[in-house]
Each structure stands twice: as structure tokens, then as C-alpha cells.
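What follows is a set of notes on a single structure, which appears directly below.
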Amino acid sequence: METPDFSSYSLLIAEDNEQNYRFFEVALKATGINMLRASNGAEAINMCRKHHFDLVLMDAMMPEITGFEATRQIKSKFPALPVIMLTAYANPSSIREAVSAGCNDYMAKPITKNILYSYIHKWLIGTSAS
């Protein structure tokens, strides 16, 4: 897949694992997207209150406040903000929990660069990149 241009968008990556965050940082750098990181659920909520984001990538298992609860709180204040849940457990109960928390979509780990680009393209631009 060609590297998309996301330079006019802002993304919050709510990910506590340094290695996982580095993957996102490296994979997305060439797209030009403006990225900020929250390393726990409480920080993700606070950052959404202070900054404008076009999309949130939310790890399900965040410290302090889970990704599910952080999503509920973010969506209560910013219902139109798309949130994609990142989970290593893409089983039916986790998916149901993500949907009930207000997530617009979910990505199962491990995530490849092309899958990442496709999901971001879908939620920022409205079509799936191929």
C-alpha cells in the first residue's frame, strides 16, 4: 500500500506499552499525521478535553482507567469523535464490550502497517484504503 497523506489530521494514541507505541510512531511518521500519546486511560480522557483529535486509537487494557471506561467518558463528551479499540483479545465478548463502550471499530493485535493505514483512512476519510 502506498503511504497515505494524513497530514491534516490529529490522532491520539492511547497505548501504555512502549514497544507497541513505537510501532505506531514509526508506521505513521511518513503519513505526516499529528500524533500525541496517552500512556493511561485517565491521561487519554484529559488529553481529549485539552486537544482536538480527529481519531483516537485506544488500547483496551490501559492502566488507571481501562480503555473501555476511558472510551465511555470520551464519547460522553465527544460523541462524534471516532475511537478504534486496540485489543489482543478480539473475541466476541471483547468486541461487544468495545461496542457498548462506544467504540466505532476495533483492531486485533498484532497490527500491520497496511491494516493500520486502512483503518485510519476509513475513519478519517470515509473509505477503506486499498
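The values are calculated or read from the model by the stated rules, or taken from the named source; none is laboratory data. These numbers come from a predicted model, not from an experiment. Cβ: placed from backbone, ideal geometry, glycine included. Neighbour counts: every protein chain shown.
Being of a type outside the set (A, V, I, L, M, F, W, C), touching a strand residue (DSSP E or B) at 6+ places or on another chain (Cβ under 7 Å) and in contact (Cβ under 8 Å) with a residue 24 or more places away in the chain is the requirement here; does S10 meet it? Let's see the steps before the verdict.
Working: of a type outside the set (A, V, I, L, M, F, W, C): yes; touching a strand residue (DSSP E or B) at 6+ places or on another chain (Cβ under 7 Å): yes; in contact (Cβ under 8 Å) with a residue 24 or more places away in the chain: yes.
Considered against the rule, which asks whether it is of a type outside the set (A, V, I, L, M, F, W, C), touching a strand residue (DSSP E or B) at 6+ places or on another chain (Cβ under 7 Å) and in contact (Cβ under 8 Å) with a residue 24 or more places away in the chain, S10 comes out as yes.
Say whether the condition of being without any contact (Cβ under 8 Å) to a residue 24 or more places away in the chain and of a type in the set (K, R) is met by at least one residue in region 37-46. Working first, answer last.
Keep residues of region 37-46 that are without any contact (Cβ under 8 Å) to a residue 24 or more places away in the chain, which gives 46.
Right, trim to of a type in the set (K, R) and you get none.
No, region 37-46 contains no residue that is without any contact (Cβ under 8 Å) to a residue 24 or more places away in the chain and of a type in the set (K, R).
If you go through region 19-28 and pick out every residue that is modelled with pLDDT under 95 and either loosely packed, with under 11 Cβ neighbours inside 10 Å or not in a helix (DSSP H, G or I) (or both), you end up with 1.
The number of residues in region 50-108 that are touching a strand residue (DSSP E or B) at 6+ places or on another chain (Cβ under 6 Å), aromatic (F, W, Y) and either more than 18 Å from E15 (Cα to Cα) or at pLDDT 95 or above (or both) comes to 1.
Mind listing whichever residues of region 105-123 are in contact (Cβ under 8 Å) with a residue 60 or more places away in the chain, surrounded by fewer than 15 Cβ atoms within 10 Å (Cβ to Cβ) and part of a loop (DSSP other than H, G, I, E, B)?
Within region 105-123, the first condition is being in contact (Cβ under 8 Å) with a residue 60 or more places away in the chain, and the residues that meet it are 109, 111, 113-114, 116-118, 120-121, 123.
Subsequent filtering for residues that are surrounded by fewer than 15 Cβ atoms within 10 Å (Cβ to Cβ) retains 109, 114.
Matches in region 105-123: K109 only.
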